[in-house]
Amino acid sequence: MEALVDNNHIAANPSYATLQQAAEWFAMLHAGEFDTEERAALQAWLEQDNAHRLAWQQVENVMRKFQHMGDDAARQTLHTLSQGRRRVVKSILALCLISAGGWSIARQPAVQQWSGILMAQHTTRIGERRRMQLADGSILWLNTASAVNIDYSASQRHIQLVAGEVWVQTATDTMQPGRPFIVSTRHGQLQALGTRFNVLDDGQRSHVAVFEGAVAIRLQQADQPGLIVQAGEQSSFDGISIQPAHEADPAMESWTRGMLVADNLPLPEFVARLERYRRGHLGYDPALSHLRIVGAFPLQDTDRALHLLEQTLPVRVHRLLPWWVTLEST
Amino acid sequence: MSSGLVSETVHALYSDHHGWLSGWLRRKLGCTHQAADLAQDVFVRIMSSPSQHTIREPRAYLTHVAHGLVVNHWRRREVEQAYLDALMHLPPSMVPSVEQRLMVLETLFEIERMLSGLPVKVRQAFLLSQMDGMKYADIATELHVSERMVKKYMAQAMLACLTLGRAV
């Protein structure tokens, strides 16, 4: 028994020189210059020694690891870790081009959005918020993980919301006559009528909340009727239809002051909102779904926000990994 | 543990230096929870290593083991971060399930560990070939080196993967 274990131990560790040879065979194999003669040579090398076969098995094990990393995110991660930022963007774009050709049509809008975010003029990372002042004095706040393009031309002031959320306070145009102020999302267009408002694209729908003045919604499909949203109201739309206006949610503006204002918010909705500002996973026990949350929570420190939750509700924050957090009942 | 001597040594080490080690880790990591977790890992590592009864300078030994774990910890964080960033750019329908993500992460840690000591171009050549399926000629153009060099890089990277964890 002792001897057998020992044999296995030796067999599992081919010598350095053997591994070196195996690595060279691997490099040659991938060069694509493998003709029948070389194939025979590799075969002969493998048959020569048990250690050679074991070394080659280890080569195949390494190769298998990479084959199992099929998804784009994993590929991207390894590229990010091994090369500079600029190179990464280039390779993501290359991936987009490859993918756009290979994927089904249903996925194309997502691919476009993906490349759109990368090419957008102004972007924020997760947890970041940024204030911008535009040429005419209008003010934009860009929320977490968002992207916009700003295009001021002779005929209009156009903000394209590529992803995420933007809050706008329009100024009187410096040019006369004043150019229309337009915010577009992939679902439609919003024309500001002297105003302060917020636009959020949650991936499925665009939500607009108006706090001053009014905003006109025009859908992507131009033959559908539009809607004018007045101050104190909010509405949402996808590419096809508009939801009737209802009372504006103060949370649609409070984020510009770094607060998540929850006014009797169901816990699942609260988690979904907070998760936008955090890296990693934030989950909850379904048994907590009935809880409702009232209060103002700091967005720049979401861990503190979770801690506040622990103090006021029968909830315990469980950290499985630094970025894997779940809310559990106490 | 198998031997009474071993447990006694570790026990003494633990009771004499655990507090001090936690403090050291807290300063390194800036986080009490993580420091506590890593301090535990240090003792687990020592208990499972074969030579703990020869410890002469316990604190030097502890910081040596802890330092390795801290480096490892940061590397894992970096991998997690990069993976999350990449996931963020995926359309929701394509985001893998939780189990898949954890499995991918484990493989990513492993690959990162295998390639971490290599020069940038060697790593790039290897990834472009294995992950993106690029031909040597294209990799050569991409990295501004000869095809012959790419082949050398490939062998070098594979050898690093094969010999990981072995004494040099």
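The values are calculated or read from the model by the stated rules, or taken from the named source; none is laboratory data. Fair warning: this is a prediction, and the values are worked out from it, not measured in the lab. Cβ coordinates were reconstructed from backbone atoms using ideal geometry, including for glycine residues, and neighbour counts include every protein chain displayed.
Would a scan of segment A:237-247 turn up a residue that is out of contact with any Gly (no Cβ under 6 Å at 6 or more places or on another chain), at pLDDT 90 or above and in a helix (DSSP H, G or I)?
Scanning segment A:237-247 turns up no residue that is out of contact with any Gly (no Cβ under 6 Å at 6 or more places or on another chain), at pLDDT 90 or above and in a helix (DSSP H, G or I).
Output the residues belonging to segment A:144-162 that are in contact (Cβ under 8 Å) with a residue 40 or more places away in the chain and buried (at least 22 other Cβ atoms within 10 Å of the Cβ).
Answer for segment A:144-162, where residues must be in contact (Cβ under 8 Å) with a residue 40 or more places away in the chain and buried (at least 22 other Cβ atoms within 10 Å of the Cβ): A:161, A:162.
Would you tally the residues in segment B:100-138 being of a type in the set (Asp, Glu) and outside the structural domain of residue B:157 (by TED's automatic domain parsing)?
Summing the residues that are of a type in the set (Asp, Glu) and outside the structural domain of residue B:157 (by TED's automatic domain parsing) in segment B:100-138 gives 3.
Tell me whether segment A:195-212 contains one or more residues that are without any contact (Cβ under 8 Å) to a residue 24 or more places away in the chain, in contact with a strand residue (DSSP E or B) (Cβ under 9 Å, 6 or more places away or on another chain) and farther than 15 Å from residue A:252 by Cβ.
Yes, segment A:195-212 contains a residue that is without any contact (Cβ under 8 Å) to a residue 24 or more places away in the chain, in contact with a strand residue (DSSP E or B) (Cβ under 9 Å, 6 or more places away or on another chain) and farther than 15 Å from residue A:252 by Cβ.
Does at least one position in segment A:279-289 carry a residue that is among the charged types (D, E, K, R) and surrounded by 15 or more Cβ atoms within 10 Å (Cβ to Cβ)?
The answer is yes; a qualifying residue exists.
Taking the condition of being at pLDDT below 85 and more than 29 Å from residue B:75 (Cβ to Cβ), how many residues in segment A:312-330 meet it?
Count: 2.
Check whether at least one residue in segment B:95-111 is more than 7 Å from every other protein chain (Cβ to nearest Cβ), under 25 Å from residue A:30 (Cβ atoms), part of a helix (DSSP H, G or I) and of a type in the set (A, V, I, L, M, F, W, C), and report yes or no.
Yes: one or more hits.
Does at least one position in segment A:168-182 carry a residue that is under 18 Å from the mean Cα position of the chain (by Cα) and without any contact (Cβ under 8 Å) to a residue 40 or more places away in the chain?
no
Among (1) surrounded by fewer than 16 Cβ atoms within 10 Å (Cβ to Cβ); (2) part of a helix (DSSP H, G or I), which single condition is residue B:133 missing?
Against the list (1) surrounded by fewer than 16 Cβ atoms within 10 Å (Cβ to Cβ); (2) part of a helix (DSSP H, G or I), residue B:133 comes up short only on (2).
Results for (1) modelled with pLDDT under 90; (2) over 28 Å from residue A:279 (Cβ atoms); (3) touching a helix residue (DSSP H, G or I) at 6+ places or on another chain (Cβ under 9 Å), shown as yes or no for each residue.
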| residue | (1), (2), (3) |
| --- | --- |
| A:126 | yes, no, yes |
| A:129 | yes, no, yes |
| A:133 | yes, yes, no |
| A:136 | yes, yes, no |
| A:141 | no, no, yes |
| A:151 | yes, yes, no |
| A:154 | yes, yes, no |
| A:163 | yes, no, yes |
| A:167 | no, no, yes |
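What single numbered condition from (1) within 24 Å of the chain's Cα centre (by Cα); (2) touching a residue at least 12 places away in the same chain (Cβ under 8 Å); (3) closer than 28 Å to residue B:87 by Cβ fails to hold for residue A:289?
For residue A:289, the failing item is (1).
Please specify each residue of segment A:219-236 satisfying the condition of being closer than 16 Å to residue A:184 by Cβ and touching a Gly at 6+ places or on another chain (Cβ under 8 Å).
Hits for segment A:219-236 are A:219, A:220, A:221.
Test of understanding: among B:110, B:99, which residue is among the charged types (D, E, K, R), closer than 27 Å to residue B:149 by Cα and surrounded by fewer than 16 Cβ atoms within 10 Å (Cβ to Cβ)?
Answer to the check: B:110.
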